[in-house]
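Beneath this line is the structure, given in structure tokens, with notes to follow.
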Amino acid sequence: MYRAIKVRIYPTDEQESYLAQCFGNTRWLWNYMLNATTTAYKETGKGLSKAAMDKLLPGLKKEYEWLGLAYSQVLQRVTFNLSSAFVNFFEGRAKYPNFKSKHGKQSIQYPQNVKLMPDDSVIKFPGSLGLMKAVFHKQLPDAKFTTVTISRNADGKYYASIVFNQEDEPVTAINKAIGVDLGLKNFAITSDGSKYDLPKRRLAKLEKNRKRKQKKLARKKDKTSNKRQKARRLVAKISSKIPRVREDFLHKLSRKIAYENQVICVEDLAVKNMVKNPNLAKAISDQGWGMFLTMLKYKAERFGHTYQEIGRFFPSSQLCSETLLPIPVLQNGYDSLGVRFVYCPHCQKQHDRDINAAINIRNEGLRLLELGTSSSALGGDVRPKSSGRKKSTKVEAIPNELGSLHSPVRGV
């Protein structure tokens with residue numbers, strides 16, 4: 001599987017000037033090709049293929065001599081990425097490609113002829129870029145690397161992302177299976193009773209600092225003044241640190257769970273729909289659930305472990321993990337996020353709501369693995385989700401699976 005390692009690089013003033021030229025060239029070429037493809041599609045019903053875009057490059061270099069200042073394969077990579085973006089759009093995996101802006105993050109890609117020299121703490125790039133100082137914070141894998149992407153963040157820091165084609169590293173897990181329930185009060189709750197929280201105090205301190213610097217930037221009315229540019233860089237610096245703190249926590253937690261457990265069971269969350277709630281939109285967005293699940297999945301695959309998702313409509317919070325019967329207090333309209341402990345009259349025990357949900361997620365995930373599929377409806381009966389609202393033309397379906405808690409006939 002492919003694995004990327006991101007290292008910090010420190011270009012000289014001359015290299016920064018050259019990179020700025022390359023960023024501008026690739027950005028202009030992307031926008032030009034995107035416009036040409038869109039125009040061709042409107043006129044003929046067909047867009048430009050990668051081969052057709054590559055044929056335009058020699059003529060563009062003659063017409064715009066500055067375009068040839070960038071390394072030739074860097075420009076060819078632009079057409080490759082744009083072609084891939086259109087493929088992803090037509091296959092429904094992404095939105096229509098957008099025009100690139102000179103503001104914000106900038107990047108270029110080198111597909112080959114790059115030499116990594118970790119012993120000397122440098123990376124050798126082809127063309128005019130040459131040797132560049134780099135900090136390798138970890139040992140590089142003994143595998144062939146495919147591409148190297150140079151990026152500059154809004155705060156002015158430069159990074160090189162190196163993509164390796166590395167074989168999986170199977171490991172023996174400590175635990176057999178675990179269920180993970182994601183929440184707002186606690187970020188992740190596992191079926192073994194562990195609870196993990198984001199570094200909320202540190203993130204809150206950074207958010208407060210960003211708001212203060214954002215207010216100072218808003219007071220600078222002259223957009224061309226040096227003071228405004230300095231204030232803008234300070235805002236960009238603190239804004240880039242917040243996601244780095246969050247990603248660091250997500251990487252460490254996802255690796256711990258994926259490394260220690262043979263089977264990882266999670267819910268298939270519809271985060272895009274959840275953030276439509278105006279009261280919880282920011283709180284949900286700040287959690288980073290989608291990013292965490294993505295990390296958890298590819299790390300589990302890397303270690304040779306099983307990543308299992310259960311349906312988003314599975315009532316993990318409303319069922320007793322011991323009797324598998326509905327808990328009345330959550331079934332009778334009293335389901336509130338403030339209710340953290342619930343009493344089950346069937347087993348006569350009080351359950352921690354989040355741990356109870358994580359256990360149900362684990363059990364349902366193991367059931368689906370044993371069944372071999374999550375789409376085998378009992379007798380072909382697939383019922384739409386009931387709702388008190390007006391029915392939509394796009395009906396979401398819940399399969400009545402054999403042995404599922406959704407099914408009226410329980411499996412043995």
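Would you check if Lys215 is among the basic types (Lys, Arg) and either not assigned by TED's automatic domain parsing to the domain that holds Ala283 or not in a loop (DSSP other than H, G, I, E, B) (or both)?
Against the criterion (among the basic types (Lys, Arg) and either not assigned by TED's automatic domain parsing to the domain that holds Ala283 or not in a loop (DSSP other than H, G, I, E, B) (or both)), Lys215 qualifies.
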Checklist line | Residues (within 24 Å of the chain's Cα centre (by Cα) and either in the same structural domain as Ala236 (by TED's automatic domain parsing) or surrounded by fewer than 11 Cβ atoms within 10 Å (Cβ to Cβ) (or both)) located in region 100-132 | finding: Ser101, Lys102, His103, Gly104
Margin query: Among the residues of region 142-156, are any under 19 Å from the mean Cα position of the chain (by Cα), at pLDDT 90 or above, surrounded by 14 or more Cβ atoms within 10 Å (Cβ to Cβ) and not in a strand (DSSP E or B)?
Written below: yes
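Yes/no matrix, rows are residues, columns are (1) at positive phi; (2) more than 14 Å from the chain's Cα centre (by Cα); (3) surrounded by fewer than 20 Cβ atoms within 10 Å (Cβ to Cβ); (4) hydroxyl-bearing (Ser, Thr, Tyr):
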site: Ile257; (1), (2), (3), (4): no, yes, no, no
site: Glu260; (1), (2), (3), (4): no, yes, yes, no
site: Cys265; (1), (2), (3), (4): no, yes, no, no
site: Met291; (1), (2), (3), (4): no, no, yes, no
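Quick grid of which residues meet (1) in a loop (DSSP other than H, G, I, E, B); (2) under 30 Å from the mean Cα position of the chain (by Cα); (3) loosely packed, with under 13 Cβ neighbours inside 10 Å; (4) not assigned by TED's automatic domain parsing to the domain that holds Val135:
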site: Ile9; (1), (2), (3), (4): no, yes, no, no
site: Gln15; (1), (2), (3), (4): no, no, no, no
site: Tyr18; (1), (2), (3), (4): no, no, no, no
site: Trp28; (1), (2), (3), (4): no, yes, no, no
site: Leu56; (1), (2), (3), (4): no, no, no, no
site: Leu60; (1), (2), (3), (4): no, no, no, no
site: Gln73; (1), (2), (3), (4): no, yes, no, no
site: Arg77; (1), (2), (3), (4): no, yes, no, no
site: Arg93; (1), (2), (3), (4): yes, yes, yes, no
Notebook entry, point to check: Does region 336-379 hold any residues that are at pLDDT below 80 and of a type in the set (A, V, I, L, M, F, W, C), and which are they?
Noted result: Leu337, Val339, Phe341, Val342, Cys344, Ala377, Leu378
Margin query: Checking the conditions here, which among Val163, Val135 is farther than 30 Å from Asn363 by Cβ, in contact with a Phe, Trp or Tyr (Cβ under 6 Å, 6 or more places away or on another chain) and not aromatic (Phe, Trp, Tyr)?
Written below: Val163
Next item on the list: Name every residue in region 234-272 that is in a strand (DSSP E or B) and among the β-branched types (Val, Ile, Thr), in order of residue number.
Entry: Val263, Ile264, Val266
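The values are calculated or read from the model by the stated rules, or taken from the named source; none is laboratory data. Since the model is a prediction, treat every value here as computed from it, not as a measurement. As a convention, Cβ positions derive from the backbone with ideal geometry for all residues, glycine included, and neighbour counts pool all protein chains shown.
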